[in-house]
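For reference, the structure is listed below as structure tokens.
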Amino acid sequence: MVTTDHVTATLLAHAPQGVAAGQPLQLGLQLVHKDGWHTYWKNPGDSGLPVTLKWTLPAGSSAGDIAWPVPQRLPYGPLMNYGYDGTVLLPVPVRVGAGAAGLDVKLSAEWLVCKDICLPESGEFALRLAPGTPVLASRTAFEAAAAAVPRGVAGAKVAARVEGAAVEFTADGLPPRLRGKQLLFFPEESGVFEHADATTQRWADGRLVLRAPLSAMRSESPPALKFVLAEAGVPGGVALSAPVAAWPGPASASGAAGVAGTAPVAAGALDTGGAAALPLMLLFAFLGGALLNLMPCVFPVLSLKAVALAQRAEGRGRQLAGGIAYTVGVVASFLALAGGLLALRAGGALVGWGFQLQSPLFIAALALLFTLIGLNLLGVFEVGTLLPGRVAAYRARNPLLDDALTGAVAVAIASPCTAPLMGAAVGAALAAPWPQALSIFGALGLGMAAPYLALSAWPRLARVMPRPGPWMVRFKALLAFPMFATVVWLAWVLGHQAGVDGMAALLVLLLAVSLATWLWSGMGAAAGPRSARRAAAAGGAGVALLAGALAWSLPLLRDEPATIATVPAAAAGAPQTGQWQPWSPQAVAQARDAGRPVFVDFTAAWCITCQFNKRTALSDPAVLSALAQKQVLLLRADWTSRDPLIAQQLQALGRSGVPVYVLYGDKGGAPQLLPEVLSADAIHSALSRL
């Protein structure tokens with residue numbers, strides 16, 4: 001049993017015939033909510049997250065999916081959520097493996113519990129079930145849960161078609177007890193329907209005709225729609241599925257078009273399922289990738305490549321080959337990143353562009369990479385001196401490998417940045433089928449590699465570079481300092497994620513790596529037995545130093561437990577104009593319900609573009625004055641560490657990463673999305689349309 005201030009969670013079991021292969025067995029998580037608190041159904045509605053259960057069972061045994069009881073409608077201001085209060089049991093069928101001597105069960109559960117604020121909670125549970133003996137202590141709870149689970153209807157004929165801004169369902173053959181009654185409608189798919197809007201229903205000769213309004217921010221177009229129909233106040237219901245004849249082209253969101261300085265608000269407006277939208281998204285991706293080279297995280301690498309190109313006294317063929325290799329490295333890395341991102345999302349993870357930067361270990365690895373690049377630029381070591389002889393010889397024979405690896409490094413360090421047009425393209429890619437998604441990420445990589453490829457392919461463009469000379473040695477050393485400045489920034493980001501101890505651990509690790517690199521760089525110059533012994537001793541000392549630093553640092557490079565930032569219930573009406581407050585769906589709903597505009601800044605400490613916008617447009621006195629005059633509530637959604645609520649909201653807005661800037665007007669109007677690279681004019685233009 002796990003007890004918090006809001007929920008008591010208990011792992012229960014029911015095995016009426018005893019624990020044995022072929023006999024019925026159910027496990028379940030029972031949640032007893034404190035007054036006013038609730039958790040969520042498989043489709044949480046306008047906000048929230050479903051309960052997740054991860055089982056560990058003996059080999060040969062397996063657990064099925066949750067048999068979700070029919071939820072309740074949980075209105076909150078203009079929002080409508082689906083979930084449970086009071087007591088609920090989430091049962092799961094279990095198949096016991098042949099020859100099992102009882103069952104050792106472990107469960108890792110996570111749930112989001114909400115009232116006026118939402119708190120992510122979790123629990124670890126363990127249970128030992130002896131073989132053969134019936135388990136009946138929780139029989140009543142499992143029987144009540146079974147009665148609350150919706151059932152399929154044999155022989156029912158259900159169809160769905162899209163008509164304007166709604167889906168019309170027709171259902172024949174429903175149980176007699178439901179006919180003629182007003183039923184509750186619970187769609188299983190999120191991101192399709194306007195949950196807070198009422199459905200219209202009518203009965204004719206035993207046939208139900210139900211119209212459910214589509215969401216203005218529709219992000220899904222499933223081939224079949226699953227839903228539950230239930231009678232208010234009566235346990236259970238019916239589970240139905242209706243194939244959709246055809247979805248229309250990209251959905252349009254009211255107010256999204258024709259607004260200067262804003263982006264389309266609806267994820268559906270960027271639906272790449274339509275063939276006509278794909279070329280536009282490919283163009284956005286290519287241009288966004290090209291503009292990415294001007295971002296501060298990428299520009300130093302491009303400068304290094306340009307300097308290397310000017311230094312080379314090679315033929316045009318070799319230069320072109322190097323440009324192509326660099327392009328291959330960039331595009332392949334983007335495709336690999338896209339593949340990982342799409343695989344995680346297919347597995348249910350709510351991640352987006354830059355998701356890897358939410359890991360302190362990745363931040364530390366990136367800081368280590370920038371430190372090594374800086375040391376290399378200062379001449380502390382040459383890559384060839386640290387590589388084994390065979391590897392160094394292979395690298396010397398295959399210089400194109402360096403070009404390809406440079407492209408991969410450029411993609412790795414580009415992840416904190418979002419260029420103009422990128423947000424729309426990446427958001428559309430993650431909502432599209434995987435072939436289209438990969439093509440969009442490939443176009444992004446081609447755009448990023450295009451400037452250097454052009455310099456390699458057309459020597460006349462390269463002539464704009466200054467002539468090679470001694471200045472290049474000093475310029476190369478100068479470029480080390482932007483690398484070290486990036487390390488300072490990454491240490492600051494890690495401090496947000498892992499605290500002061502994590503930041504100190506990173507600095508100790510970087511110091512150890514720098515010293516070890518300096519020691520190893522001297523090994524290649526050793527000559528004679530005595531010098532070789534000294535070099536070996538220095539190398540061993542470097543290994544020992546690095547191993548000790550890793551052993552001490554790695555345990556500290558972890559996320560700190562998330563602190564829950566709460567927004568008081570009165571925040572929407574409080575006169576706190578100009579003060580940034582933590583974002584939550586409830587705070588947005590309260591403010592809009594009170595008729596107050598809301599500006600939301602989706603940001604992260606690791607996002608360079610976000611930090612630039614904070615210190616420019618969002619700090620502009622004229623902008624702050626205009627926001628105050630309009631009584632705009634300012635909310636900040638910090639995605640520095642993983643936050644599934646923020647990821648879910650970004651997905652609903654058709655975006656997959658930060659920065660994202662949203663201005664909400666009255667509760668009936670569509671929100672406005674502003675450009676990723678924010679300007680004061682864009683904010684003033686959006687405010688003028690409230």
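Assorted remarks:
- Ordering Thr200, Thr517 by the number of other Cβ atoms within 10 Å of each residue's own Cβ, fewest first, gives Thr200, Thr517.
- Theoretical gain in end-to-end length, Ser108 to Thr200 [0.36 nm per residue, Cα-Cα removed]: 29.1 nm
- Compactness of the range 2-148 as Cα Rg over 2.2 N^0.38 Å, two decimals: 1.09
- Note on Val473 and Glu121: the model spin-label points, each 7 Å out from Cα along the C-beta direction, lie 6.7 nm apart.
- Tensor-based shape of the range 103-225 (alpha-carbon gyration tensor, a/c under 1.5 rounded, otherwise prolate or oblate): oblate
- Relative packing of peptides 504-510, 438-444 - highest average C-beta neighbours within 10 Å first: 438-444, 504-510
- Applying 0.36 nm per residue to the separation of Ala594 and Leu401 and subtracting their alpha-carbon distance, the gain on full extension is 63.5 nm.
- Separation in nanometres of the label points that stand 7 Å from Cα toward Cβ, at Leu624 and Ala457: 4.8
- In a fully extended conformation the segment linking Arg161 and Ala365 would gain 68.4 nm over its present Cα-Cα distance, using 0.36 nm per residue.
- Each peptide in 21-31, 596-606 receives the mean, over its residues, of other Cβ atoms within 10 Å, and ordering these scores from highest gives 596-606, 21-31.
- For a label point 7 Å along the Cα-to-beta-carbon line of Trp492, residues of the range 586-616 with backbone N under 14 Å: 604-616
- The range 87-163: mean projected area of Cα convex hull, nm²: 10.3
- Taking other Cβ atoms within 10 Å as a rough exposure proxy, Trp203, Trp639 sort from fewest to most as Trp203, Trp639.
- Take each peptide in 193-199, 37-43, count the other Cβ atoms within 10 Å of every residue, and average; sorted highest first, the result is 37-43, 193-199.
- Projecting label points 7 angstrom from Cα along Cα→Cβ for Arg151 and Asp65 puts them 1.9 nm apart.
- Estimated FRET transfer efficiency (Ser688, Arg615; beta-carbon r; R0 22 Å; 0.05): 0.35
- Relative to its residue count, the range 575-687 spans a Cα convex hull of 95 Å³ per residue.
- Model label zone, Val32; criterion: amide N under 13 Å from point 7 Å along Cα-to-beta-carbon; scope the range 54-88: 86-88
- Each Lys or Arg adds one and each Asp or Glu subtracts one; over the other residues with Cβ under 11 Å from the Cβ of His684, this totals 0.
- Where a label projected 7 Å from the Cα of Val2 along Cα→Cβ would reach, residues of the range 37-69 with amide N under 11 Å: 52-54
- Size check on the range 157-243: the Cα extents along the three principal axes, sorted descending, read 35, 25, 19 Å.
Readers should treat all values here as calculations from the given coordinates under stated rules, not as data from a laboratory. Everything quoted here is computed from the prediction, not taken from an experiment. For neighbour counting, all protein chains shown are included, and Cβ atoms are generated from backbone atoms with ideal geometry for every residue, glycine included.
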